[in-house]
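*Asks:* Attaching a single structure in structure tokens format; questions to follow.
The values are calculated or read from the model by the stated rules, or taken from the named source; none is laboratory data. Being a predicted model, the structure only gives us computed values, none of them experimental. Here the Cβ positions follow ideal geometry from the backbone for every residue, glycine too, while neighbour counts run over all protein chains shown. Heads up: the accessible areas ignore ligands, DNA and RNA and are worked out on the full protein's heavy atoms, side chains in. Shrake-Rupley method; radii C 1.70, N 1.55, O 1.52, S 1.80 Å.
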Amino acid sequence: MSKIIIVSAPSGTGKTTLVSRVMQNEDLKLKFSVSATTRQPRGKEVNGKDYYFLSVDEFKKKIEDDQFVEYEQVYEGRFYGTLKSEIQRISDMGCNIIFDVDVEGGINMKNKFQDQALSIFIQPPSVEELRRRLIKRATDSMEEIEKRVSKAEKEISRAPKFDIIVTNDDLDRAYGEFLELIRKFLNS
Ligand code: ADP
Ligand code: 5GP
């Protein structure tokens, strides 16, 4: 059976950076679960690789048809969700699955998959540093950044619901800890 790694964090903490780095370890046989979203692609994002980009109507139709394992309205009018077909696709390949989902989605997934899953919360060193990273990333408007930052404190308060918390202070240090945790879980 595929093992599941759930990674959640406030937006801007460095989740995408850590996940893409860990996936370079081919021996872990990790495949990224591509979520569906109603937000617009940003930067070099590719449909089917970073997300399945859907219209709100398409997304709602899939909710009606019970095609999601979980979904959340992460920001107002912005839906994100994991399709059942995506989990099936990766399981059929005989690979392990890594999820990048929001904090509530991460808690729901862990409840659903229990011991088959390891849930990891990536914590920013501070909310101020989080804002700095989002500004430096330069992919979102200031309004969008403030939305994300104001959500972060509530998200951080949910961290104890995860199996483990990794603070992304120094990237190399955090990555080392992240990789070891995943390696240990997949080999257990
Ligand atoms: P997320 O996926 O959690 O929204 P990203 O991986 O896109 O976050 O990281 C947000 C920004 O912070 C990116 O510009 C990334 O290069 C940078 N970053 C990631 N980790 C660190 C770190 N440990 N120290 C400083 N900057 C970081
Ligand atoms: P972004 O717009 O920065 O790519 O993602 C915003 C938030 O949505 C992130 O916290 C990300 O983890 C979350 N997210 C992405 N895919 C899913 C999903 O399938 N389900 C849930 N619940 N959240 C998701």
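*Asks:* Which residue, Ala152, Phe32, Gln114, has the largest displacement toward the positive end of the dipole of the stretch 4-186 when charges sit on each Cβ (Lys, Arg +1; Asp, Glu -1)?
*Replies:* Phe32
*Asks:* For Lys161, what accessible surface area do you get with a 1.4 Å probe? Give it in Å², rounded to 10.
*Replies:* For Lys161, the solvent-accessible surface is approximately 120 Å².
*Asks:* Which entries in Lys3/Lys60; Lys151/Lys184; Lys44/Lys112; Lys112/Lys154; Lys112/Lys151 show an alpha-carbon gap greater than 27 Å?
*Replies:* Numbers: Lys3/Lys60 29 Å; Lys151/Lys184 32 Å; Lys44/Lys112 32 Å; Lys112/Lys154 22 Å; Lys112/Lys151 24 Å.
From Lys3/Lys60; Lys151/Lys184; Lys44/Lys112; Lys112/Lys154; Lys112/Lys151, over 27 Å: Lys3/Lys60; Lys151/Lys184; Lys44/Lys112.
*Asks:* Of all the accessible heavy-atom surface of the stretch 118-162, with the other protein chains kept in place and a 1.4 Å probe, what percent is carbon and sulfur?
*Replies:* On the way: 1370 of 2520 Å².
In the stretch 118-162, the share of accessible area belonging to carbon and sulfur is 54 percent.
*Asks:* Further question: Give, rounded to the nearest 20 debye, the magnitude of the charge dipole that the stretch 1-153 has about its Cα centre when Lys and Arg contribute +1 at Cβ and Asp and Glu contribute -1 at Cβ. Numbers along the way, then the final one.
*Replies:* On the way: 25 positive and 25 negative charges, 93 e Å.
With only Lys, Arg, Asp and Glu charged at Cβ, the dipole is about 440 debye.
*Asks:* What whole-number distance in Å separates the alpha-carbon centres of the stretch 49-82 and the stretch 97-148?
*Replies:* 17
*Asks:* If DNA, RNA and ligands are ignored and the probe is 1.4 Å, what is the ranking of Thr167, Thr13 by accessible area, most exposed first? Don't jump to the answer; show the numbers that get you there.
*Replies:* On the way: Thr167 45, Thr13 0 Å².
Ranked list, largest accessible area first: Thr167, Thr13.
*Asks:* So, for the stretch 4-186, what is the accessible surface per residue at a probe of 1.4 Å, expressed in square angstrom?
*Replies:* On the way: 9380 Å² over 183 residues.
Accessible area per residue, the stretch 4-186: 51 Å².
*Asks:* For the stretch 4-186, take the alpha-carbon Rg, divide it by the Kirkwood Rh, and send me Rg/Rh.
*Replies:* Numbers: Rg = 15.7 Å, Rh = 16.8 Å.
Looking at the stretch 4-186, the ratio lands at 0.94.
*Asks:* Here's something else I'd like to know. With n ≥ 4 as the cut-off for DSSP H runs, can you work out [θ] at 222 nm for the chain, using -39500 (n - 2.57) per run divided by the number of residues, rounded to the nearest 500? Numbers along the way, then the final one.
*Replies:* Details: 7 runs with 81 residues, N = 188.
So the calculated ellipticity at 222 nm is -13000 deg cm²/dmol.
*Asks:* So how exposed is Val22, as accessible area in Å² (1.4 Å probe, rounded to 10)?
*Replies:* It works out to around 0 Å².
*Asks:* Taking 0.36 nm per intervening residue step and subtracting the Cα-Cα distance, what contour gain separates Asp170 from Leu186 on full extension?
*Replies:* Working: separation 16, 0.36 × 16 = 5.76 nm, distance 2.45 nm.
So the chain would gain 3.3 nm between Asp170 and Leu186.
*Asks:* Heavy atoms only, probe 1.4 Å: what % of the accessible area of the stretch 9-90 goes to carbon and sulfur, would you let me know? Write out the running numbers ahead of the final one.
*Replies:* Values: 2030 of 4450 Å².
That share works out to 46 percent.
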